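Novice: Take a look at the following structure, please.
The values are calculated or read from the model by the stated rules, or taken from the named source; none is laboratory data. The structure presented is a predicted model; accordingly, all values stated were derived computationally and were not measured. Using ideal geometry, Cβ is built from the backbone for each residue, glycine included, and neighbour counts are taken over all protein chains shown. These accessible areas exclude ligands, DNA and RNA; they are computed on the full protein's heavy atoms, side chains included. Shrake-Rupley method; radii C 1.70, N 1.55, O 1.52, S 1.80 Å.
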Amino acid sequence: MASFAYYRLPYADRYTVMVQTEGEPERLASCTGLNGRNGFVLAPFSVSSGCPVLLIHPDRVEERAVPEEEHIRTGHCTASRQAGGSASGVSGMDSDKAVYSKDFESCRSMLVSGEFSKIVLARSAGVETVDEMDAEGLFLRACRMYPRMFVVLVSTPQSGMWLAATPEILLESSCGTGRTVALAGTMKLDESQLGFDNPPSASVDDAASGIFWSTKNIKEQRYVATYISDVLKRFAGACREEGPRTVRAGNIVHLRSDFTFELADTSRIGSLLDILHPTPAVCGLPKTETYRHIVDHEHTDRRYYSGFMGPLCHDGATHLYVSLRCMQIVDGRHYRLYAGGGLLKDSVEEQEWCETEAKMETMLRLFDGSCL
Ligand SMILES: C=C(O[C@@H]1C=C(C(=O)O)C=C[C@H]1O)C(=O)O
């Protein structure tokens, strides 16, 4: 079985297809193994023998134009939601919520006791479609529906097939300059705000657009920005931080700070990734303790969700994004969607649950084709 990655950069009208027809992608035991390497990376949240860092070495690379909607073959479909551990599971939403509730409580007690200042709790949900869906068609639909996002369809024998439309850069580099973002804080846009946009060249006044951020969201995003700034101070050259500003991702908005820094030795990108990932946007603070809590206690096996993916080219352009707003394509009718959110000690369970639902809509909407 060939391994492949299709990806479309934000605001681009063309996408790239990389195919490895011979052999399997390389398996790496840590991000450091990416030093000096080229290829398409698929990295998990937590590296293990069953979930290694994968590097696709393409023997075919092609660029294609994103076609108009009428040429996209996804067929008509009604999606039905399922919960539980597998996409073919039959348990109802209540058990899904009960599991989330348990996880929420164990995070909350660590936040209230002061052992954690922030932790990101994730969950997953299965979706079964009536008609068989075409994965490439879903990818193209995501490209069309989410112009601001990095859209990826990647498949390897070790990881299975994943589709993502993510707003979060983990690390980009070209010509000796590195870029990353601190993305956190989430609000769902209401009907009256669906015209909101804030592309990279613009600077929209949030107050004028009717978007006001709570102290909790501001604090949550500040934790991420401080962490990134500390990592970059230790491991990168001169660094500039801008923001935060409000950015749109499908039907929701986030707060985002932008970091631009000197990255003279790109052959050591793997070592930087090893320290940077996972950031408190998907893990927590303090990092080691929250990471252990997630791996040992969270009921969701995150696998490649909240890891990172994208093309890596140590002497050219690298675009690595955090694997969010994603789903595993189990087969043409079964899908597993993932989403999480940052918790602080005063987080309210029902609000956090709704936030994960809003994030899951990014993938869910692909099934009915309605545009955001
Ligand atoms: C964890 C996710 O998103 C991350 C968490 C956010 C938050 O807690 O507000 C916002 C953006 C992402 O950094 C996700 O989409 O699953």
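Novice: Could you give me the percent of Cα pairs per 10 Å distance bin for the chain, shortest bin first, beginning at zero and ending with the bin that holds the maximum distance?
Specialist: Calculated over all Cα pairs of the chain, the distribution is 5, 25, 36, 27, 7, 0 percent.
Novice: Using 1/(1 + (r/R0)^6) with R0 = 35 angstrom and r between the beta carbons of Cys175 and Ile218, what's the FRET efficiency to the nearest 0.05?
Specialist: Once rounded, the FRET efficiency stands at 0.55.
Novice: On to the next question. State the answer as a single residue: which of His299, Gly270, Leu153 lies farthest towards the positive end of the charge dipole of the chain, with beta carbon charges of +1 for Lys and Arg and -1 for Asp and Glu, about the Cα centre.
Specialist: Gly270
Novice: Given a 1.4 Å probe and every protein chain left where it sits, what share in percent of the accessible area of the chain is carbon and sulfur?
Specialist: Answer for the chain: carbon and sulfur cover 52 percent of the accessible area.
Novice: Using 5 Å bins from zero, what percent of all Cα-Cα pairs in region 1-51 falls into each bin?
Specialist: 4, 15, 22, 20, 23, 11, 4, 0
Novice: Here is a further query. Take every Cα-Cα distance within region 215-326, group them into 10 Å bins from 0 onward, and report for each bin the whole-number percent of pairs it holds.
Specialist: For region 215-326, the pair-distance distribution reads 12, 40, 39, 10, 0.
Novice: How would you order 209-220, 269-280 from highest to lowest mean count of nearby Cβ atoms within 10 Å?
Specialist: Peptide ranking by packing, descending: 269-280, 209-220.
Novice: To the nearest 0.05, what FRET efficiency results for Ala202 and Lys345 with a Förster distance of 45 Å applied to their C-beta separation?
Specialist: 0.80
Novice: What is the local net charge at Glu172, summed over the other residues whose Cβ is closer than 12 Å to its Cβ (Lys, Arg +1; Asp, Glu -1)?
Specialist: Net of charged neighbours comes to -1.
Novice: Can I ask one more? Could you work out how far apart the two model spin labels at Asp190 and His297 are, taking each label as a point 7 Å from the Cα in the direction of the beta carbon, and quote it in nm?
Specialist: For the pair Asp190/His297, the computed spacing is 3.5 nm.
Novice: Can you pull the three principal axis extents for the Cα set of region 193-239, in Å, largest first?
Specialist: 40, 27, 14
Novice: On alpha-carbon atoms, Rg over Rh for region 128-227 using Kirkwood Rh?
Specialist: Over the Cα atoms of region 128-227, Rg/Rh equals 1.03.
Novice: Which of the peptides 335-341, 141-147, 301-307 is most tightly packed, and how do the rest follow, judged by the mean count of other Cβ atoms within 10 Å per residue?
Specialist: My ranking of the peptides, most packed first, is 335-341, 301-307, 141-147.
Novice: For the ranges 248-260, 43-55, 107-119, what's the packing order if you count other beta-carbon atoms within 10 Å of each residue, average per peptide, and put the highest first? Before the final figure, lay out each step's value.
Specialist: Numbers: 248-260: 21.5, 43-55: 19.4, 107-119: 17.7.
Order by mean packing, descending: 248-260, 43-55, 107-119.
Novice: Would you mind getting the accessible area per residue of region 96-139, heavy atoms of the protein chains only, 1.4 Å probe, in Å²?
Specialist: Heavy-atom SASA per residue in region 96-139 reads 36 Å².
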